[in-house]
Amino acid sequence: MFDKRIYENIDWGLIGLTLLLCFTGLIVLYSAVHAGSSTSHQVFFKKQLIWLACGLCCMIIVSLISYKNLEKWGIWIYIFCICLLIAVYFFGKKAGGSQRWLELGPVTVQPSEIVKVAVIIILARYFSKKVTRQGFVLKTLMTPFILVMIPFLLIAKQPDLGTSMLILLISVFMTLFVKIARRTFIYMTVSGAAFIPFVWMFLLQDYQKQRILTFLSPDSDTRGAGYHIFQSKIAIGSGMITGKGYLEGTQNALSFLPEQHTDFILTVLAEEWGFIGSSFLLVVYLAFMVWGLNIAAGCRDSFGTILAVGIVSMLFCQVFINVGMIMGLMPVVGVPLPLVSYGGSSVLTSMIGIGILMSISIRRQFSND
Amino acid sequence: MKQYLDTPDNDWYKQRLGIFVVCITVLVLLLVFRLFYLQIYKGQEYRDRSENNRIHLQQIESTRGLIYDSQGVLLVENRPQYNISIIKRSAKPLKKTLKKLSNYTGIPVVELNKKVSKIKRSQSYKHFTLNKDIERDVLAKLEVRKFDLPGVFVNVKSHRNYLKSRRASHIIGYLSAISLKELKSKKYKWAKGGDSIGKFGVEKIYEKYLRGKSGERLVEVDVTGKVVRVLNTIKAKPGNNLFLTINHNVQKKAEELLIGKVGSIVAMDPSNGEIIAIASSPTFDQNDFIGGMSHSKWNKMISNKNRPMENKAVQGNYPPASIYKIVTAIAALEEGVVDEDTIVNCPGYHKYGNRVFRCWKPGGHGNVNIKDALKESCDVFFYQVGQKLGVDRIAWYSRACGFGERTGIDLDHESKGLIPTIIWKKKRAGKSWHGGDTLSVSIGQSYNLVTPVQAVGMISSIANGGIRYKPIIVKKIETASAKVVMENEKIILGKLPVTPKTMKIIRKGLWRVVNQRLGTAWIIRDKQVSISGKTGTAQVVGRKKMTPEEIKALPYRLKPHAWFVAYAPSRDPKIAVAVIVEHGEHGGSAAGPLARKLIREYLKIPDPPPPPPLIEEIVIKPEVKLEPEKPKVKIKANLQEEKKIESDSGLKDETEKKETSNSDSELIEQKKDSVEDEIKPEAFLEP
């Protein structure tokens, strides 16, 4: 484990991009919690610092472990995570109408976050063994389908639509990457479309339907469900090119937005730093993902490649959903912006993912292990 | 197996990864285009919106529930408070506005400038409170000149008002701004910074009922922050009203009786456990906490040696002293150690090993049975009984009487008290139990500690024939529209392990304490109401018995605590009372009269007319006759009463002095007296 080659092959580019994201996040978070109304939110800044420090430690530890071990342990990690979800189902802590958290002594954890990584590992393990140039057919897709549906349903039951959709989306990305046979793809698209009315009628809660309806006609209702998106768009738009200046955002200071330190944090950046600031962050994210895919390309075994693609998909989906949501491109779902939004479980999961990428990156040079 | 399934190589992956990169880049570019659209193409429009046409969600505070006494007397209400606030950015021109504001309000411009200069840039969009609680005439001036003062607002805030200042402070408690620590705790999830919450008493414990639910109002505000129109309103829900079991008049009396003393009075309805009055002295003024208390005031309060913030009725741990003899007597009778007729000779001391335990009465009580032992509080009788019982049996009965555990009353920081056992001493002190400890325990000294509320619970269960009720202080909770939300029914905690026969003996003994000559509370006997009770004089220092003169000479902090527990009327008790006066010396003379006066107040027995001012020289002030309630007169009346008492107890003193010479003849005489006294009431004590 303490191989000299590890130090020689440290991926400084990945570390640099990660730290840049963390740093940007902290600057924006400071504004979000200090200009906002309640002084009680100011503790979030210090807490986030602690979480980021913990996250970096996790990242280092994970990067020291060879990702090939994850292939061996994958099934156990997956089972452990499913057990956690079942535990949440029975003993979870309720808050705000949903049951998502487990209380372990002094800390409260949200297992659905780490489940994302477990699903990525188990899928990468399965796909790497069955992958062919011709692509997957219905029969070979059955196993991954079941593997994804178990956590999906458990999380959707909590209910946490954001995270469960995220897991589904990550799985779709990974499956598309390893290729689906053309005919199978057509079948699935058609039957999936036929499935939508069923989902609408039986699976979605009323408030979720309301969010989707609001999304489809956003300007019809600026007081009720559309209030957040309306205010969010004002905040972003009013930033214009250069923004109103750091700590000067009026939408932020007057706390028009709820959750301006978690899911809506990008509005603070967009308002105070303008188009320049917000597109800069998006470019950093893009660079990060391209870097990650480059790591995948450099890896010499299927498992590592698919695993890296999975991690990149995870981060990408979160960024896309979050940014799309606050700009009114998507319905309101609670997905945090990786490494920027406040939140311990989210930071840890992102950092573990980056640690896995790092582990793959370090070992791509190794001839044999 | 068909061979068309080719394993992909590195180039295949690279090709697919290429597609992936393109997809991701396109999607991110889509987001950037959207940003461009919002921030550059439509940027100016949104910028104008953010500056001019603000839609804001405002919170509507709920009104907090009111608090009444059991008779429907309003004790706590809310009153509006008007605060001046400013939005710095809207107040333009700032200097001129502040000058005008200073003219209208009379606040110096320098002070206003100082306050405004403290507002940070990032806070300049928000209301900043300049002055709290302005007078009504200032309010009127500001309202008229509203349009002359851009950016200046008058906000109304509901404010707690404790109508009866200092009354029942320890029970009602007070409101105060939420602390950072409380904000973080899960208990106050709904709260935000600057909210006021109950910090003590029922204000704290019934917070969730009293609070109500705040509403919301969606408003459109103009550039100066003024509301242009209201878009949507969710009404606030007022808090629920609380009805206490406390009787305001009795509470008032109890507090008046404790003025100038340190201690506590608790009165309970023996039929259901409802607390009628619960006073702790010294007390504090709840209104001082509204809007924050100055540091010096707070420090003064918490450094006060008499602990005004402590609710002595539930937090005070006191040695029970002789009131504990009731427990020992119950244990003795139930365990068959003595019966009604067992006679013990009290020579004034009891030898145990090589130690001598003395009775409080230097010459001894002579031959006493259990009723007389209670009546005269004979220590030697209980030493002997306690020795036979052993400490653990006493402890068992003590627990059965409700000592050594919390009563569960709805008040903060209730103390458990302490009932020593052999195991307890071994664990705590690491020492083994001595037989001598048992003797001390049996007269309520040693390690025993009880709270006044436990004491009243015990005497109340004697009063009602053996049922222990949980003390209740909140009768019911109603919504603002008088719908009952919660009603506290009586809760039985347990039953005393006492047979009717034992109960009868104990009650007779307690009756004699007050109503027979030589009873330790003889001085408080009352012709209009028969009181039964037990006195206690709790040594604060040392075990040595002292003569009354020695006790008088002690410094205040070393004087014994005075206890009195009682119920009345003796036959069909309506009220049970426990009184403790810290360092009050004798239970009978210091605590007893307070209990008697409280009982009279509750049973609405009018005070006897003041005796004609014959003895009082020639101080015929006209007020005296017109207002007999004046405290001045009361003190005089007290003096008289005490004189009378002295003449009564003079007889006792004489007896003590003469005891060696002709105690026998005295005894016979007294017996005669007591028989006469006894006949009637004892008859009505009989079931």
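The values are calculated or read from the model by the stated rules, or taken from the named source; none is laboratory data. Remember, predicted model here, so these are calculated numbers, not experimental data. Cβ sites come from the backbone with ideal geometry, for glycine too, and all protein chains shown count toward neighbours. Keep in mind that these areas ignore ligands, DNA and RNA; they rest on the heavy atoms of the full protein, side chains included. Shrake-Rupley method; radii C 1.70, N 1.55, O 1.52, S 1.80 Å.
Residues in region B:69-170 average 55 Å² of solvent-accessible surface per residue, probe 1.4 Å, ligands and nucleic acids excluded.
In this simple spin-label approximation, B:Ser179 and B:Asp133 carry label points 7 Å from Cα along the Cα→Cβ vector, and these lie 2.2 nm apart. Using R0 = 25 Å, the C-beta based FRET efficiency linking A:Phe202 and A:Tyr89 works out to 0.80.
Within the accessible surface of region B:403-512, defined with a 1.4 Å probe on protein heavy atoms only, the carbon and sulfur portion equals 52 percent. Fully extending the segment from A:Leu26 to A:Ala194, taken as 0.36 nm per residue of separation minus the present Cα-Cα distance, adds 56.1 nm. Taken per residue, the accessible surface of chain A reaches 42 Å², heavy atoms only and a 1.4 Å probe. Surface composition of region A:228-328: carbon plus sulfur atoms hold 70% of the accessible area, using a 1.4 angstrom probe and ignoring ligands, DNA and RNA. Residue pairs exceeding 23 angstrom between C-alpha atoms, taken from A:Lys47/A:Lys93; B:Lys186/B:Lys475; B:Lys527/B:Lys604; A:Lys68/A:Lys139; B:Lys132/B:Lys192; B:Lys508/B:Lys574: B:Lys186/B:Lys475; A:Lys68/A:Lys139.
Step through the table entries B:Lys120/B:Lys181; B:Lys300/B:Lys425; B:Lys114/B:Lys300, compare each Cα-Cα distance with 32 Å, and write down the pairs that go over it.
Table pairs above 32 Å Cα-Cα are B:Lys300/B:Lys425.
Placing unit charges on the Cβ atoms only, positive for Lys and Arg and negative for Asp and Glu, gives region A:4-363 a dipole magnitude near 1320 debye about its Cα centre. Placing unit charges on each Cβ (+1 for Lys and Arg, -1 for Asp and Glu) gives the protein assembly as shown a dipole about its Cα centre, and among A:Gly55, A:Leu293, A:Ile155 the Cα reaching farthest toward its positive end belongs to A:Leu293.
Total accessible area buried between chains A and B, 1.4 Å probe, in Å² to the nearest 100?
5400
Rounded to the nearest 0.05, the FRET efficiency derived from the C-beta distance between B:Val484 and A:Arg5 at R0 = 51 Å is 0.10.
Burial annotation for region A:278-296: residues with an accessible-area loss of at least 40 Å² between the isolated chain and the complete set of protein chains, computed on heavy atoms with a 1.4 Å probe, are A:Leu282, A:Leu286, A:Leu293. Solvent exposure of region B:386-488, expressed per residue, is 39 Å² of accessible area, with all protein chains present and a 1.4 angstrom probe. Computed from the C-beta positions of B:Asn232 and A:Ala287 and an R0 of 41 Å, the FRET efficiency is 0.40 to the nearest 0.05.
Highest-first packing order for the peptide set A:4-15, B:235-246, B:98-109 is B:235-246, B:98-109, A:4-15, based on the mean count of other beta carbon atoms within 10 Å. Legend: mean number of C-beta atoms from other chains within 10 angstrom of residue C-beta atoms, peptide A:231-243, equals 6.
Estimated from helices alone, the mean residue ellipticity of the protein assembly as shown at 222 nm is -16000 deg cm²/dmol (sum of -39500 (n - 2.57) over DSSP H runs with n ≥ 4, per residue). Given their separation in residues at 0.36 nm each and the Cα-Cα distance between them, B:Val356 and B:Arg34 gain 106.2 nm when the chain is fully extended. Descending by average beta-carbon neighbour count within 10 Å, the peptides B:509-516, A:67-74 line up as B:509-516, A:67-74, the highest first. Stretching B:Glu405 away from B:Ile119 to a fully extended chain increases their span by 97.7 nm, per 0.36 nm per residue minus the current alpha-carbon distance.
Suppose every Lys and Arg Cβ carries +1 and every Asp and Glu Cβ carries -1, with no other charges. What dipole size does region B:57-244 come out with about its Cα centre, to the nearest 20 debye?
Using Cβ point charges on Lys, Arg, Asp and Glu, region B:57-244 gives about 760 debye.
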